[in-house]
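Taking it in order: structure first as structure tokens, then the write-up.
The values are calculated or read from the model by the stated rules, or taken from the named source; none is laboratory data. As the structure is a prediction and not an experimental result, all values here were calculated from the model. Cβ: placed from backbone, ideal geometry, glycine included. Neighbour counts: every protein chain shown. For accessibility, only protein heavy atoms count, side chains too; no ligands or nucleic acids. Shrake-Rupley method; radii C 1.70, N 1.55, O 1.52, S 1.80 Å.
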Amino acid sequence: MNSVKPVRYLAVPTAALILAGCGSGSGSGDAKADLSVSAAYMPQPVSDSMAAGFLTIANDGGTKDELTSVTSDAAGSVTVHETVGSSMREVTSLAVPAHGRLVFKSGGNHLMFDKLKHRPMQGEKVTVELHFADSGPITVEMPVKSPTYNPETGH
Ligand SMILES: [Cu+2]
């Protein structure tokens, strides 16, 4: 008579499978994050060891992503900073909203290059690799501009 019990338990895994199927279906197709980078530049640093970098990451997809780290062969470390009031602090990630942008600009979010291999000069390029929570890495050639470069005026 112990052959009755297993039948009753079959109902539970079936319901779980149906739920799992719904969940994976909604995450496919054009709902994914679709990232592109523009307006990248580094003001020629006044320091031999440290520099800042700026860029804009646009997301044309319907799902948000997160910038989780930045690496560069030109520097011993690259960290992501945000500016709150008049002080800056390092953050471990920044969101790239769905159908939105993550903007790095002077006085706001910025990349901080530390332990530079050499001091980047105007006209050179610094290669950085951006790493995200979901999307694949993006390599960016960041041109070095004058120390007082203003992206709004272009000089
Ligand atoms: Cu900083």
Problem - Subset of the range 101-130 [assigned to a loop (DSSP other than H, G, I, E, B), more than 15 Å from the ligand (Cβ to nearest atom) and more than 12 Å from A75 (Cα to Cα)] - result: M121, Q122, G123, E124
Exercise for the section: Give the residues of the range 61-82 that are polar (S, T, N, Q), part of a strand (DSSP E or B), open to solvent by 20 Å² or more (accessible area, probe 1.4 Å) and in contact (Cβ under 8 Å) with a residue 40 or more places away in the chain, sorted by residue number. Expected result: T68, S69, T71
Handout entry: Filter result for the condition that a residue is farther than 25 Å from P147 by Cα, part of a strand (DSSP E or B) and within 15 Å of the chain's Cα centre (by Cα), over A98, A58
Key = A58
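Would you pick out the residues in the range 38-57 that are over 11 Å from L116 (Cβ atoms), among the hydrophobic types (A, V, I, L, M, F, W, C), modelled with pLDDT of 95 or more and surrounded by fewer than 18 Cβ atoms within 10 Å (Cβ to Cβ)?
A39, A52
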Practice task
Return a yes/no flag: does the range 79-89 have any residue that is in the same structural domain as E124 (by TED's automatic domain parsing), more than 11 Å from the ligand (Cβ to nearest atom) and either farther than 27 Å from N150 by Cβ or touching a Pro at 6+ places or on another chain (Cβ under 8 Å) (or both).
Solution key: no
Handout entry: Filter result for A133 (closer than 13 Å to T56 by Cα, more than 16 Å from the ligand (Cβ to nearest atom) and touching an Asp or Glu at 6+ places or on another chain (Cβ under 8 Å))
Key = no
Exercise for the section: Could you list all residues from the range 131-148 that are open to solvent by 50 Å² or more (accessible area, probe 1.4 Å) and in a loop (DSSP other than H, G, I, E, B)? Expected result: A133, D134, P137, P147, T148
Problem - Long-range neighbours under 6 Å by Cβ, at least six apart or interchain, first residue without any contact (Cβ under 8 Å) to a residue 12 or more places away in the chain within the range 127-152, second in a strand (DSSP E or B) - result: P137/E129; P137/H131
